[in-house]
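The values are calculated or read from the model by the stated rules, or taken from the named source; none is laboratory data. Because the structure is a prediction, the values reported are computed rather than measured. In this analysis, Cβ positions are derived from the backbone assuming ideal geometry, glycine residues included, and neighbour counts consider all displayed protein chains. All accessible areas refer to the heavy atoms of the entire protein, side chains included, with ligands and DNA or RNA removed. Shrake-Rupley method; radii C 1.70, N 1.55, O 1.52, S 1.80 Å.
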Amino acid sequence: MFGNYLIGLREGLEASLVVCILIAYLVKTERRDALRPIWIGISTAVLVALAFGFALEFGSQELTFQAQEGLGGSLSIIAVGLVTWMVFWMRRTARHLKTELHGKLDTALQMGTGALVATAFLAVGREGLETALFIWSSVHTSTDGTQGPMIGALLGIATAVVLGWLFYRGAVRINLSKFFTWTGGMLVIVAAGVLAYGFHDLQEADFIPGLQSLAFDISSTIPPDSWYGTLLKGVLNFQPDPTVLQATVWVLYLVPTLALFLTPVGFAASLKAAGSAAGSREQKATDEQAGAADGGARDGGGDVADGERVHDGARRAGGRAVGDES
(Lines give C-alpha, C1' and ligand atoms only; values in the text may rest on other atoms or scores of the structure.)
Protein backbone atom coordinates (compact mmCIF):
# COMPACT_ATOMS: atom_id res chain seq x y z
CA MET A 1 0.00 0.00 0.00
CA PHE A 2 2.82 2.41 0.82
CA GLY A 3 4.46 1.84 -2.55
CA ASN A 4 1.24 2.74 -4.36
CA TYR A 5 0.75 5.73 -2.04
CA LEU A 6 4.20 6.93 -3.05
CA ILE A 7 3.38 6.49 -6.73
CA GLY A 8 0.14 8.45 -6.39
CA LEU A 9 1.87 11.16 -4.34
CA ARG A 10 4.84 11.56 -6.65
CA GLU A 11 2.95 11.48 -9.94
CA GLY A 12 0.01 13.47 -8.60
CA LEU A 13 2.24 16.16 -7.15
CA GLU A 14 3.92 16.71 -10.49
CA ALA A 15 0.55 17.25 -12.14
CA SER A 16 -0.57 19.50 -9.27
CA LEU A 17 2.56 21.63 -9.59
CA VAL A 18 1.99 22.02 -13.31
CA VAL A 19 -1.59 23.17 -12.69
CA CYS A 20 -0.50 25.58 -9.93
CA ILE A 21 2.19 27.15 -12.11
CA LEU A 22 -0.18 27.63 -15.05
CA ILE A 23 -3.00 29.10 -12.95
CA ALA A 24 -0.74 31.33 -10.83
CA TYR A 25 0.99 32.75 -13.92
CA LEU A 26 -2.29 33.68 -15.56
CA VAL A 27 -3.59 35.28 -12.36
CA LYS A 28 -0.41 37.30 -11.79
CA THR A 29 -0.32 38.51 -15.39
CA GLU A 30 -4.01 39.48 -15.16
CA ARG A 31 -5.05 37.03 -17.88
CA ARG A 32 -7.97 35.50 -16.02
CA ASP A 33 -9.82 35.28 -19.31
CA ALA A 34 -7.49 32.43 -20.24
CA LEU A 35 -8.33 30.36 -17.15
CA ARG A 36 -11.36 28.69 -18.73
CA PRO A 37 -9.39 27.11 -21.64
CA ILE A 38 -6.75 25.97 -19.18
CA TRP A 39 -9.33 24.25 -16.97
CA ILE A 40 -10.90 22.65 -20.05
CA GLY A 41 -7.53 21.20 -21.03
CA ILE A 42 -6.86 19.97 -17.48
CA SER A 43 -10.31 18.36 -17.15
CA THR A 44 -9.95 16.65 -20.53
CA ALA A 45 -6.55 15.27 -19.53
CA VAL A 46 -7.97 13.87 -16.28
CA LEU A 47 -10.88 12.23 -18.10
CA VAL A 48 -8.55 10.67 -20.68
CA ALA A 49 -6.32 9.29 -17.90
CA LEU A 50 -9.33 7.81 -16.09
CA ALA A 51 -10.66 6.30 -19.31
CA PHE A 52 -7.25 4.80 -19.99
CA GLY A 53 -7.18 3.28 -16.50
CA PHE A 54 -10.68 1.82 -16.87
CA ALA A 55 -9.79 0.40 -20.28
CA LEU A 56 -6.75 -1.32 -18.82
CA GLU A 57 -8.68 -2.73 -15.87
CA PHE A 58 -11.90 -3.91 -17.51
CA GLY A 59 -10.50 -4.64 -20.94
CA SER A 60 -7.97 -7.09 -19.52
CA GLN A 61 -10.70 -9.02 -17.72
CA GLU A 62 -12.09 -10.26 -21.04
CA LEU A 63 -8.76 -11.88 -21.94
CA THR A 64 -7.57 -15.40 -21.21
CA PHE A 65 -5.20 -15.97 -18.30
CA GLN A 66 -2.20 -16.25 -20.61
CA ALA A 67 -3.17 -13.07 -22.46
CA GLN A 68 -3.74 -11.22 -19.19
CA GLU A 69 -0.33 -12.18 -17.89
CA GLY A 70 1.32 -11.29 -21.18
CA LEU A 71 -0.44 -7.91 -21.30
CA GLY A 72 0.30 -7.19 -17.66
CA GLY A 73 3.97 -8.07 -18.00
CA SER A 74 4.41 -6.02 -21.17
CA LEU A 75 2.67 -2.95 -19.76
CA SER A 76 4.64 -3.24 -16.51
CA ILE A 77 7.90 -3.07 -18.46
CA ILE A 78 6.62 -0.10 -20.49
CA ALA A 79 5.42 1.64 -17.32
CA VAL A 80 8.80 1.22 -15.63
CA GLY A 81 10.51 2.65 -18.70
CA LEU A 82 8.23 5.71 -18.73
CA VAL A 83 8.52 6.29 -14.99
CA THR A 84 12.31 5.95 -15.09
CA TRP A 85 12.49 8.54 -17.87
CA MET A 86 10.13 10.81 -15.91
CA VAL A 87 12.16 10.52 -12.71
CA PHE A 88 15.38 11.54 -14.45
CA TRP A 89 13.61 14.28 -16.43
CA MET A 90 12.14 15.82 -13.29
CA ARG A 91 15.48 15.54 -11.49
CA ARG A 92 17.12 17.52 -14.29
CA THR A 93 14.41 20.14 -14.87
CA ALA A 94 12.83 20.62 -11.42
CA ARG A 95 14.66 23.91 -10.91
CA HIS A 96 13.61 25.26 -14.31
CA LEU A 97 10.08 23.83 -14.54
CA LYS A 98 8.39 27.15 -13.84
CA THR A 99 10.40 29.02 -16.49
CA GLU A 100 9.76 26.30 -19.07
CA LEU A 101 5.99 26.30 -18.46
CA HIS A 102 5.84 30.10 -18.52
CA GLY A 103 7.53 30.12 -21.92
CA LYS A 104 5.08 27.57 -23.33
CA LEU A 105 2.14 29.47 -21.88
CA ASP A 106 3.30 32.79 -23.38
CA THR A 107 3.46 31.14 -26.79
CA ALA A 108 0.00 29.60 -26.33
CA LEU A 109 -1.49 32.95 -25.29
CA GLN A 110 -0.34 34.45 -28.55
CA MET A 111 -1.81 31.57 -30.59
CA GLY A 112 -5.30 31.57 -29.06
CA THR A 113 -7.80 29.48 -27.09
CA GLY A 114 -7.08 26.17 -28.81
CA ALA A 115 -3.39 26.43 -28.04
CA LEU A 116 -4.15 27.10 -24.36
CA VAL A 117 -6.34 23.99 -24.16
CA ALA A 118 -3.66 21.92 -25.88
CA THR A 119 -0.91 23.25 -23.59
CA ALA A 120 -2.81 22.35 -20.42
CA PHE A 121 -3.92 19.00 -21.83
CA LEU A 122 -0.41 17.96 -22.82
CA ALA A 123 1.19 19.22 -19.60
CA VAL A 124 -1.25 17.32 -17.37
CA GLY A 125 -2.18 14.48 -19.72
CA ARG A 126 1.30 13.04 -19.84
CA GLU A 127 1.43 12.82 -16.06
CA GLY A 128 -2.08 11.36 -15.95
CA LEU A 129 -1.38 8.60 -18.48
CA GLU A 130 1.89 7.68 -16.77
CA THR A 131 0.12 7.60 -13.40
CA ALA A 132 -2.72 5.41 -14.69
CA LEU A 133 -0.35 2.96 -16.36
CA PHE A 134 2.08 2.67 -13.47
CA ILE A 135 -0.63 2.38 -10.81
CA TRP A 136 -2.43 -0.28 -12.85
CA SER A 137 0.83 -2.19 -13.27
CA SER A 138 1.62 -1.90 -9.56
CA VAL A 139 -1.86 -2.99 -8.52
CA HIS A 140 -1.71 -5.83 -11.02
CA THR A 141 1.47 -7.16 -9.38
CA SER A 142 -0.31 -7.32 -6.01
CA THR A 143 -1.64 -10.79 -5.31
CA ASP A 144 -3.16 -10.26 -1.87
CA GLY A 145 -6.65 -9.85 -3.31
CA THR A 146 -7.40 -6.69 -1.32
CA GLN A 147 -8.14 -3.11 -2.35
CA GLY A 148 -5.14 -1.83 -0.38
CA PRO A 149 -2.98 -0.95 -3.41
CA MET A 150 -5.74 1.07 -5.07
CA ILE A 151 -6.65 2.81 -1.81
CA GLY A 152 -2.99 3.69 -1.29
CA ALA A 153 -2.73 5.18 -4.79
CA LEU A 154 -5.91 7.23 -4.33
CA LEU A 155 -4.71 8.52 -0.96
CA GLY A 156 -1.42 9.53 -2.57
CA ILE A 157 -3.23 11.44 -5.32
CA ALA A 158 -5.51 13.12 -2.76
CA THR A 159 -2.46 14.18 -0.72
CA ALA A 160 -0.85 15.56 -3.88
CA VAL A 161 -3.96 17.63 -4.67
CA VAL A 162 -3.98 19.10 -1.15
CA LEU A 163 -0.27 19.89 -1.34
CA GLY A 164 -0.78 21.50 -4.73
CA TRP A 165 -3.48 23.76 -3.33
CA LEU A 166 -1.25 24.68 -0.38
CA PHE A 167 1.59 25.47 -2.79
CA TYR A 168 -0.72 27.76 -4.72
CA ARG A 169 -1.81 29.50 -1.55
CA GLY A 170 1.80 29.89 -0.48
CA ALA A 171 1.25 27.99 2.74
CA VAL A 172 3.84 25.31 1.99
CA ARG A 173 7.38 26.01 0.85
CA ILE A 174 9.79 23.10 0.50
CA ASN A 175 12.90 22.40 -1.52
CA LEU A 176 11.35 20.73 -4.56
CA SER A 177 14.72 19.58 -5.85
CA LYS A 178 15.41 17.61 -2.66
CA PHE A 179 11.82 16.38 -2.49
CA PHE A 180 11.93 14.93 -5.99
CA THR A 181 15.38 13.47 -5.34
CA TRP A 182 14.22 11.54 -2.26
CA THR A 183 10.88 10.43 -3.71
CA GLY A 184 12.53 9.64 -7.04
CA GLY A 185 15.04 7.35 -5.35
CA MET A 186 12.27 5.51 -3.51
CA LEU A 187 10.26 5.30 -6.73
CA VAL A 188 13.22 3.66 -8.50
CA ILE A 189 13.17 0.96 -5.80
CA VAL A 190 9.42 0.45 -6.30
CA ALA A 191 9.92 0.36 -10.08
CA ALA A 192 12.54 -2.38 -9.71
CA GLY A 193 9.95 -4.61 -8.04
CA VAL A 194 7.34 -3.83 -10.70
CA LEU A 195 9.84 -4.59 -13.47
CA ALA A 196 10.87 -7.90 -11.91
CA TYR A 197 7.26 -8.97 -11.46
CA GLY A 198 6.53 -7.91 -15.03
CA PHE A 199 9.07 -10.45 -16.24
CA HIS A 200 7.47 -13.01 -13.89
CA ASP A 201 4.14 -12.35 -15.63
CA LEU A 202 5.77 -13.00 -18.99
CA GLN A 203 7.10 -16.26 -17.59
CA GLU A 204 3.63 -17.25 -16.40
CA ALA A 205 2.33 -16.46 -19.89
CA ASP A 206 4.97 -18.84 -21.29
CA PHE A 207 6.53 -16.03 -23.30
CA ILE A 208 9.82 -16.46 -21.40
CA PRO A 209 11.08 -19.76 -19.93
CA GLY A 210 12.42 -20.33 -16.43
CA LEU A 211 9.27 -20.16 -14.29
CA GLN A 212 10.35 -23.17 -12.22
CA SER A 213 13.97 -22.01 -11.77
CA LEU A 214 13.94 -20.26 -8.40
CA ALA A 215 16.78 -18.03 -7.25
CA PHE A 216 15.89 -18.76 -3.61
CA ASP A 217 12.88 -19.62 -1.48
CA ILE A 218 12.51 -18.09 1.98
CA SER A 219 8.75 -18.48 2.23
CA SER A 220 9.16 -20.30 5.54
CA THR A 221 11.13 -17.37 6.98
CA ILE A 222 9.00 -14.59 5.44
CA PRO A 223 5.51 -16.03 4.82
CA PRO A 224 3.69 -14.05 2.12
CA ASP A 225 0.54 -13.88 4.29
CA SER A 226 2.36 -12.53 7.37
CA TRP A 227 2.14 -8.86 8.28
CA TYR A 228 5.80 -8.24 7.46
CA GLY A 229 5.55 -10.26 4.25
CA THR A 230 2.55 -8.18 3.24
CA LEU A 231 4.43 -5.00 4.17
CA LEU A 232 7.45 -5.94 2.06
CA LYS A 233 5.17 -6.89 -0.80
CA GLY A 234 3.28 -3.60 -0.63
CA VAL A 235 6.34 -1.39 -0.30
CA LEU A 236 8.99 -3.16 -2.39
CA ASN A 237 6.98 -5.74 -4.38
CA PHE A 238 9.12 -8.29 -2.54
CA GLN A 239 8.55 -11.95 -3.36
CA PRO A 240 10.06 -14.64 -1.09
CA ASP A 241 10.46 -17.13 -3.95
CA PRO A 242 11.55 -15.20 -7.07
CA THR A 243 12.77 -16.88 -10.20
CA VAL A 244 16.37 -16.51 -11.34
CA LEU A 245 15.22 -14.11 -14.07
CA GLN A 246 13.29 -11.97 -11.59
CA ALA A 247 16.24 -11.62 -9.25
CA THR A 248 18.62 -10.89 -12.12
CA VAL A 249 16.36 -8.22 -13.63
CA TRP A 250 15.85 -6.61 -10.22
CA VAL A 251 19.59 -6.30 -9.58
CA LEU A 252 20.49 -5.22 -13.13
CA TYR A 253 17.88 -2.46 -13.04
CA LEU A 254 18.16 -1.22 -9.47
CA VAL A 255 21.93 -0.97 -8.97
CA PRO A 256 22.95 1.08 -12.04
CA THR A 257 19.75 3.12 -12.16
CA LEU A 258 19.90 4.14 -8.51
CA ALA A 259 23.63 4.87 -8.73
CA LEU A 260 23.10 7.07 -11.80
CA PHE A 261 20.11 8.79 -10.24
CA LEU A 262 22.02 9.64 -7.05
CA THR A 263 24.95 11.06 -9.01
CA PRO A 264 24.90 14.86 -8.52
CA VAL A 265 23.38 16.84 -11.38
CA GLY A 266 26.15 18.24 -13.56
CA PHE A 267 28.72 15.75 -12.27
CA ALA A 268 29.31 14.26 -15.70
CA ALA A 269 29.57 17.73 -17.24
CA SER A 270 32.10 18.81 -14.61
CA LEU A 271 34.19 15.69 -15.30
CA LYS A 272 34.09 16.46 -19.00
CA ALA A 273 35.07 20.08 -18.38
CA ALA A 274 37.91 18.99 -16.08
CA GLY A 275 39.13 16.55 -18.71
CA SER A 276 39.03 19.26 -21.38
CA ALA A 277 40.94 21.65 -19.13
CA ALA A 278 43.57 19.01 -18.38
CA GLY A 279 43.90 18.28 -22.07
CA SER A 280 44.33 21.97 -22.83
CA ARG A 281 47.07 22.28 -20.21
CA GLU A 282 48.88 19.23 -21.57
CA GLN A 283 48.63 20.57 -25.13
CA LYS A 284 49.93 23.97 -24.00
CA ALA A 285 52.88 22.36 -22.22
CA THR A 286 53.65 20.28 -25.30
CA ASP A 287 53.52 23.36 -27.52
CA GLU A 288 55.83 25.23 -25.15
CA GLN A 289 58.33 22.36 -25.16
CA ALA A 290 58.21 22.15 -28.93
CA GLY A 291 58.73 25.91 -29.19
CA ALA A 292 61.69 25.76 -26.83
CA ALA A 293 63.26 22.93 -28.84
CA ASP A 294 62.79 24.82 -32.11
CA GLY A 295 64.24 27.95 -30.57
CA GLY A 296 67.25 26.03 -29.28
CA ALA A 297 67.79 24.49 -32.67
CA ARG A 298 67.60 27.89 -34.32
CA ASP A 299 69.97 29.38 -31.77
CA GLY A 300 72.40 26.50 -32.23
CA GLY A 301 72.24 26.92 -35.97
CA GLY A 302 72.98 30.63 -35.59
CA ASP A 303 76.01 29.90 -33.43
CA VAL A 304 77.42 27.50 -36.03
CA ALA A 305 76.84 29.99 -38.81
CA ASP A 306 78.48 32.80 -36.85
CA GLY A 307 81.46 30.58 -36.09
CA GLU A 308 81.86 29.72 -39.75
CA ARG A 309 81.69 33.41 -40.76
CA VAL A 310 84.38 34.34 -38.19
CA HIS A 311 86.61 31.49 -39.39
CA ASP A 312 86.18 32.47 -43.03
CA GLY A 313 86.94 36.10 -42.24
CA ALA A 314 90.08 35.16 -40.36
CA ARG A 315 91.21 32.94 -43.24
CA ARG A 316 90.68 35.70 -45.76
CA ALA A 317 92.48 38.18 -43.52
CA GLY A 318 95.37 35.78 -43.17
CA GLY A 319 95.52 35.36 -46.95
CA ARG A 320 95.69 39.11 -47.52
CA ALA A 321 98.41 39.49 -44.88
CA VAL A 322 100.60 36.91 -46.60
CA GLY A 323 100.11 38.60 -49.95
CA ASP A 324 101.10 41.97 -48.59
CA GLU A 325 104.28 40.63 -47.09
CA SER A 326 105.36 39.11 -50.36
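In whole Å, how far is the Cα centre of region 35-96 from that of region 180-203?
Result: 15 Å between the Cα centres.
Under a crude label model (7 Å from the Cα following the beta-carbon direction), how far is Ala24 from Phe58 in nanometres?
With each label point 7 Å from Cα toward Cβ, the separation is 3.8 nm.
Using amide H atoms built 1.01 Å from N in the peptide plane, name the residues 5+ places from Thr243, or on other chains, whose amide H lies under 5 Å from its own.
Residues meeting the criterion, in which the H sits 1.01 Å from N, are Ala215.
Expected output is a single nm value to one decimal: the length gained when fully extending between Ala247 and Asp106, i.e. 0.36 nm times separation in residues minus the C-alpha distance. What is it?
45.9 nm
What spacing in nm lies between the two simple spin-label points modelled at Met186 and Ile40, each 7 Å away from Cα in the Cβ direction?
My value for the distance between the label points is 3.9 nm.
Based on the mean of other Cβ atoms within 10 Å per residue, sort peptides 64-71, 114-121 so the most packed one is first.
Highest to lowest by the protection proxy: 114-121, 64-71.
Provide Phe179, Phe54 ordered by accessible surface of protein heavy atoms (probe 1.4 Å), highest first.
Output order, biggest surface exposure first: Phe54, Phe179.
With all protein chains present and a 1.4 Å probe, how do Lys233, Lys178, Lys28 order by accessible area, largest first?
The residues order as Lys28, Lys178, Lys233, largest area first.
Roughly to the nearest percent, how much of the accessible area of region 209-257 is carbon and sulfur, given a 1.4 Å probe?
72
Which value, in Å² rounded to 10, gives the accessible area of Met150 with a 1.4 Å probe and all protein chains present?
The accessible area of Met150 comes to roughly 80 Å².
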